[in-house]
């Protein structure tokens, strides 16, 4: 297994994996986000994991300077998304990707790594716990159209 930073050459492969994680988001919007992340490497880091010559997972992280629930410092590196191809799960891919995010956070002087998951996504909760994250809060957001 090899983990490395994503480049423009990875847009298609990375984009196909993003679509599996976020199928409800239009392809054009996902592609625009990818370009923005690659153009601002001081704010975003994207890591890909390769095994057997193909990309089997990715992790996207951002540097957040706003308040991050459950954190005590600022800025915080936030794990915006992580995805591992189903046939590669439970083989250490997510751990390798999160380790790369942690290394990036340390390199830029950040003391905390945060993340979130949908309340119903218990698989993600278990993965986070397995990788050393601690749950800090449970939140339900509301909105009202005016």
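The values are calculated or read from the model by the stated rules, or taken from the named source; none is laboratory data. All values reported here derive from a predicted model rather than from experimental measurement. FYI the Cβ positions are ideal-geometry reconstructions off the backbone, even for glycines, and counts take in every protein chain you see.
Summary table
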{"quantity": "Some residue of region 18-28 being part of a helix (DSSP H, G or I), free of Cβ contacts under 8 Å to residues at least 40 places away in the same chain and within 16 Å of the chain's Cα centre (by Cα)", "calculated": "yes"}
{"quantity": "Matching residues in region 69-94 - criterion: being surrounded by 16 or more Cβ atoms within 10 Å (Cβ to Cβ) and under 21 Å from residue 21 (Cβ atoms)", "calculated": "77, 78, 79, 80, 81, 82, 83, 84, 85, 88, 93, 94"}
{"quantity": "Some residue of region 30-42 being part of a strand (DSSP E or B) and within 22 Å of residue 111 (Cα to Cα)", "calculated": "no"}
{"quantity": "Scan of region 95-114 for residues that are more than 20 Å from residue 3 (Cα to Cα), touching a residue at least 12 places away in the same chain (Cβ under 8 Å) and loosely packed, with under 15 Cβ neighbours inside 10 Å, ordered by number", "calculated": "111"}
{"quantity": "Residue in region 47-57 that is assigned to a loop (DSSP other than H, G, I, E, B), within 24 Å of residue 102 (Cβ to Cβ) and modelled with pLDDT of 95 or more present", "calculated": "no"}
{"quantity": "Contacts under 9 angstrom Cβ, first residue in region 38-49 being over 18 Å from residue 94 (Cα atoms), partner assigned to a loop (DSSP other than H, G, I, E, B), 6 or more apart", "calculated": "38/6; 38/7; 42/108"}
{"quantity": "Pick from region 3-17, criterion part of a helix (DSSP H, G or I) and touching a strand residue (DSSP E or B) at 6+ places or on another chain (Cβ under 8 Å), ranking: nearest to residue 121 (Cα to Cα)", "calculated": "17"}
{"quantity": "Lone qualifier among 30, 11, 21 - being closer than 21 Å to residue 77 by Cβ and at pLDDT 95 or above", "calculated": "21"}
{"quantity": "Test set (1) in contact with a strand residue (DSSP E or B) (Cβ under 7 Å, 6 or more places away or on another chain); (2) modelled with pLDDT of 95 or more; (3) assigned to a loop (DSSP other than H, G, I, E, B) - residue 70 fails condition number", "calculated": "(2)"}
{"quantity": "Residue within region 115-127 that is in contact (Cβ under 8 Å) with a residue 24 or more places away in the chain, surrounded by 12 or more Cβ atoms within 10 Å (Cβ to Cβ) and in a helix (DSSP H, G or I) present", "calculated": "yes"}
